[in-house]
Amino acid sequence: MSTGVRRRMGVEERRQQLIGVALDLFSRRSPDEVSIDEIASAAGISRPLVYHYFPGKLSLYEAALKRASEDLAGRFAEPHEGPLGARLLRVMRRYFDFVDEHGPGFSALMRGGPAVGSSTTNALIDSVRQAAYEQILTHLGVTEAPARMELVVRSWISLAESTALIWLDGRRIPRAELELQLVHDFAALAAVSAAYDADMAALLRTMVKDEPADGPFAELVGRLLSLAP
């Protein structure tokens, strides 16, 4: 039988609880709309106690953002098995899972929020982009990308971000279509760059060579050919 006595949390345990509570609230509403009082109420503690662990909402937001950024960066990790097109599609599905789960917070971060412009926020955003970039290079079998390859990969990561933000505004396009479209976008960016660069041409040949007839890249080729008279 429960005595009703609440267990006292240690300092780090309480900090992690508050970060989790804040992240949940920021995921459902813009951080600007969430008050310290709401965070305290959801955590079952007083407002002054929140300030005992965090100097203010900005520091709590940055801590929640750090946890979210680590989660988002992890969505780009994928076993190096099977065709590249299928791997990228799985990555995009996990990426949009995150966007779907943390929509308001994701939008506030990318478009403007309580910590936007701070050195901490900028460093966290850059860390996610860099982690995504490095993960994609490993799938391409490259340790140090030539200039045009770096341009393709970083441009594609930026495109995924902007696509997700547009999708959040009303979700007017089916999510699954956008996930597949982004995989096609990667192939299209690579194909355009291959016309100017031998390294990209070699990469494109490898991508197409290993792609099964029912894979995302093969589907793109089929659609492109259907446009020809």
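The values are calculated or read from the model by the stated rules, or taken from the named source; none is laboratory data. Because the structure is predicted, anything quoted here is derived from the model rather than measured. Neighbour counts run over all protein chains shown; Cβ positions are idealised from the backbone, glycine included. Ligands, DNA and RNA are excluded from the accessible area calculation, which covers all protein heavy atoms including side chains. Shrake-Rupley method; radii C 1.70, N 1.55, O 1.52, S 1.80 Å.
What the table shows:
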{"quantity": "Qualifying positions in region 24-33 - in contact (Cβ under 8 Å) with a residue 60 or more places away in the chain, surrounded by 15 or more Cβ atoms within 10 Å (Cβ to Cβ) and in a helix (DSSP H, G or I)", "calculated": "Phe26, Ser27, Pro31"}
{"quantity": "Subset of region 171-185 (residues that are open to solvent by 20 Å² or more (accessible area, probe 1.4 Å), touching a Phe, Trp or Tyr at 6+ places or on another chain (Cβ under 9 Å) and not aliphatic (A, V, I, L, M))", "calculated": "Arg175, Asp185"}
{"quantity": "Unmet criterion (only one of (1) closer than 30 Å to Arg205 by Cα; (2) aliphatic (A, V, I, L, M); (3) out of contact with any Asp or Glu (no Cβ under 7 Å at 6 or more places or on another chain)) for Ala43", "calculated": "(1)"}
{"quantity": "Those residues of region 8-23 which are free of Cβ contacts under 8 Å to residues at least 24 places away in the same chain and surrounded by 16 or more Cβ atoms within 10 Å (Cβ to Cβ), in sequence order", "calculated": "Val21"}
{"quantity": "Within region 50-70, considering residues that are open to solvent by 60 Å² or more (accessible area, probe 1.4 Å) and part of a helix (DSSP H, G or I), the one farthest from Leu23 (Cα to Cα)", "calculated": "His52"}
{"quantity": "For Glu78: the one exception among (1) under 30 Å from Ala218 (Cα atoms); (2) part of a helix (DSSP H, G or I); (3) open to solvent by less than 40 Å² (accessible area, probe 1.4 Å); (4) touching a residue at least 60 places away in the same chain (Cβ under 8 Å)", "calculated": "(2)"}
{"quantity": "Number of the exception - Arg148 against (1) in a helix (DSSP H, G or I); (2) touching a Leu at 6+ places or on another chain (Cβ under 9 Å); (3) open to solvent by 30 Å² or more (accessible area, probe 1.4 Å); (4) under 27 Å from Ala188 (Cβ atoms)", "calculated": "(2)"}
{"quantity": "Residue that is modelled with the highest pLDDT, among those in region 205-223 that are part of a helix (DSSP H, G or I) and open to solvent by 100 Å² or more (accessible area, probe 1.4 Å)", "calculated": "Arg205"}
{"quantity": "Residue among Ala202, Ala188 that is surrounded by 13 or more Cβ atoms within 10 Å (Cβ to Cβ), of a type in the set (Gly, Ala, Ser) and not in a loop (DSSP other than H, G, I, E, B)", "calculated": "Ala188"}
{"quantity": "Evaluation of Ile39 against (1) surrounded by 19 or more Cβ atoms within 10 Å (Cβ to Cβ); (2) closer than 27 Å to Gln130 by Cβ (one fails), failing number", "calculated": "(2)"}
{"quantity": "Search result, residues across region 81-95 that are modelled with pLDDT of 95 or more and open to solvent by 60 Å² or more (accessible area, probe 1.4 Å)", "calculated": "Arg90, Arg93, Arg94"}
{"quantity": "Region 118-149, subset under 19 Å from the mean Cα position of the chain (by Cα) and of a type in the set (A, V, I, L, M, F, W, C), residue nearest to Ala160 (Cα to Cα)", "calculated": "Ala132"}
{"quantity": "Residue satisfying condition, being acidic (Asp, Glu), out of contact with any Leu (no Cβ under 6 Å at 6 or more places or on another chain) and more than 24 Å from Glu134 (Cβ to Cβ), within set Glu33, Glu62", "calculated": "Glu33"}
{"quantity": "Pair list, Cβ under 8 Å, 6 or more apart: region 34-49 residue of a type in the set (Asp, Glu), other residue open to solvent by 60 Å² or more (accessible area, probe 1.4 Å)", "calculated": "Asp37/Arg47"}
